[in-house]
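Derivation of every value follows stated rules applied to the coordinates shown; laboratory data play no part. The model shown is predicted, which means the values in this text are computed figures rather than measured ones. Cβ atoms come from the backbone with ideal geometry, glycine included; neighbour counts cover every protein chain shown.
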Amino acid sequence: MTTDTSLTKNDPTFQELLQQLAIVVSPERVSAADDVLDGRSHDTWPVATTWAKLGRHPHRPDLVVWAQSEAEVVAVLRLASQAGVPVTPWALGSSVTGQPLPLAGGVVLDVSGLTGDPELDPVDGIVTAPAGVRGSDLEAWLGERGLTLRHSPQSLARSSIGGWVATRATGQFSSRYGGIEELVVGYRVVLADGTTAEVGESPRAAMGPSLKQLFIGSEGTLGVITQVSLKVFELPALEIREAFAFPDVVHALTAMRQGTQRGLRPHVMRLYDADEARHAAPDAPVGQAVLFLGHEGISEVASAEHAAFKDLLVQASGVSLGSAPVDAWMGRRYDFSTVENLLATPGGYAETIEVANSWSRIEPMYRALREALSPLADEVLGHFSHVYHDGVSLYVILLGRAIDDETALERLEQIWIRAMEVVIAHGGEVSHHHGGGLARAPWARQSLGSGFELLERLKDALDPQGLLNPGKLGLAAPASV
């Protein structure tokens with residue numbers, strides 16, 4: 001699957017590719033300028049942010065191309081395929097795991113210009129838009145029409161709808177509405193050789209395996225998403241919010257599991273351990289875990305569901321703290337400043353690692369992660385959210401200050417190694433919603449087990465030269481450009 005892609009800017013092949021790309025997308029949307037290439041060698045992964053602070057660009061493209069239509073994406077991929085040059089898709093660069101960083105150099109294909117007016121089907125409850133549309137822009141457009149996506153990642157204003165599909169994203173309301181794999185109806189994708197395909201199910205299909213799922217979470221390794229169709233919902237008539245204090249996470253996890261397995265579907269359910277509760281609910285009793293609970297929808301149904309879930313929480317030793325803690329979180333739920341401000345200080349470092357496991361294994365894995373990571377940071381915080389019938393996600397936040405940025409980088413690298421080793425040892429999922437990128441690539445084979453060979457076969461079939469976003473998901477990369 002690998003191919004030799006080595007060339008230099010003085011190489012005739014490079015110059016020919018540059019000229020051809022300038023023809024298909026226009027000269028001002030092709031660049032090999034140093035500042036542009038540097039800018040596409042860092043996303044918002046804290047490791048990459050620290051590389052930038054240290055003036056390092058270990059994963060740097062040779063060209064950046066800005067596409068503004070599917071036809072231009074097709075043309076770029078065809079030219080790159082003919083030249084044997086890697087292509088790494090880039091949308092808004094909000095990845096926190098290094099997904100859009102060009103491991104093998106080559107072309108970074110910026111698809112953030114794939115924008116335009118959405119198309120709404122009010123009868124079927126579907127909106128269709130180009131893949132580069134910003135999530136917050138689409139949500140605002142729908143809000144003017146009394147509708148909502150109910151897909152609400154923290155990066156809503158920093159991420160594109162195509163990026164959501166490519167990274168198998170989920171949002172803060174997923175416990176009720178599901179992740180992007182359940183919210184997406186269909187999409188268009190361009191393969192490595194420039195072939196286009198449209199996949200989807202309306203409303204469900206039994207003709208073969210679900211091709212809709214094939215590219216969801218593929219991180220640009222199998223194709224480039226150009227258009228997305230998503231479910232939309234009416235704005236809820238009622239929203240109920242309430243926080244509860246618990247003596248420990250075990251009591252609360254039990255109640256969360258019971259309510260979920262009995263079919264109750266809150267749109268918000270977040271359990272903070274005692275350490276993170278100090279930040280999330282500073283007025284709550286010291287040393288206690290805090291759970292945020294919210295229900296929404298038709299008034300009578302939301303009220304009944306909330307009352308039923310509240311009974312379970314009270315029976316599990318939960319004590320109501322009222323709505324104020326949840327209201328405050330709703331007002332700041334898109335705020336990245338704590339992590340960003342710390343990363344901006346000399347020697348400051350921060351990391352957010354989200355994983356998942358079954359109900360029976362999540363608490364032992366949580367304890368093991370805290371024990372393994374505590375020596376590497378000043379604070380290790382944890383919360384549980386995104387519930388499922390058989391398990392729940394765990395979000396671990398690490399905050400620290402080192403003597404200098406070099407030491408901070410070493411800490412971040414150690415954090416990833418220890419965290420992934422613990423999760424695999426406990427049979428957990430190494431990623432819940434941030435995807436693999438560079439951060440998790442070394443553990444992809446262990447995580448996927450025998451399924452990894454299937455992924456390799458898919459890659460060989462759809463991208464035989466291995467040119468699309470090489471090196472991600474643990475897949476082999478061609479030689480660097």
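Here are a few things to note about the model shown:
- The C-alpha atoms of the chain define a longest principal axis, and helix 70-83 lies at about 60 degrees to it.
- For the chain, the longest principal axis of the C-alpha atoms and the axis of helix 405-425 are separated by about 70°.
- Using every pair of separate Cα atoms, the Kirkwood estimate puts the hydrodynamic radius of the range 328-441 at 14.7 angstrom.
- Ordering of 138-145, 109-116 by packing [mean C-beta count within 10 Å, highest first]: 109-116, 138-145
- Each other residue within a Cβ distance under 12 Å of Thr196 adds +1 if Lys or Arg and -1 if Asp or Glu, for a net charge of -1.
- C-alpha long axis of helix 12-25 to longest principal axis of the chain, angle in °: 60
- When both the range 269-327 and the range 69-112 are represented by their alpha-carbon centers, they are found 43 Å apart.
- Under a model in which nothing but the beta-carbon of Lys, Arg (+1) and Asp, Glu (-1) is charged, the range 337-434 shows a dipole of about 320 debye around its Cα centre.
- Computed lengthening from Leu235 to Glu453, 0.36 nm per intervening residue step minus Cα-Cα distance: 74.2 nm
- Pair Asp137, Glu198: separation of 7 Å Cα→Cβ label points (nm): 2.2
- Compactness of the chain, expressed as Rg and Dmax over alpha-carbon positions, Å: 22.7, 73
- Computed lengthening from Ser320 to Leu54, 0.36 nm per intervening residue step minus Cα-Cα distance: 91.0 nm
- Computed FRET value (nearest 0.05) for Val286 with Ala461, which takes r as the C-beta separation and R₀ as 45 Å: 0.20
- Close Lys pairs in the chain, defined as Cα atoms under 26 Å apart and 8 or more places apart or on different chains, number 6.
- Spatial separation of Cα centroids for the range 148-212 and the range 340-360, in angstrom: 26
- Under 11 Å, Cβ to Cβ, from Arg60 - net charge with Lys/Arg +1 and Asp/Glu -1: -1
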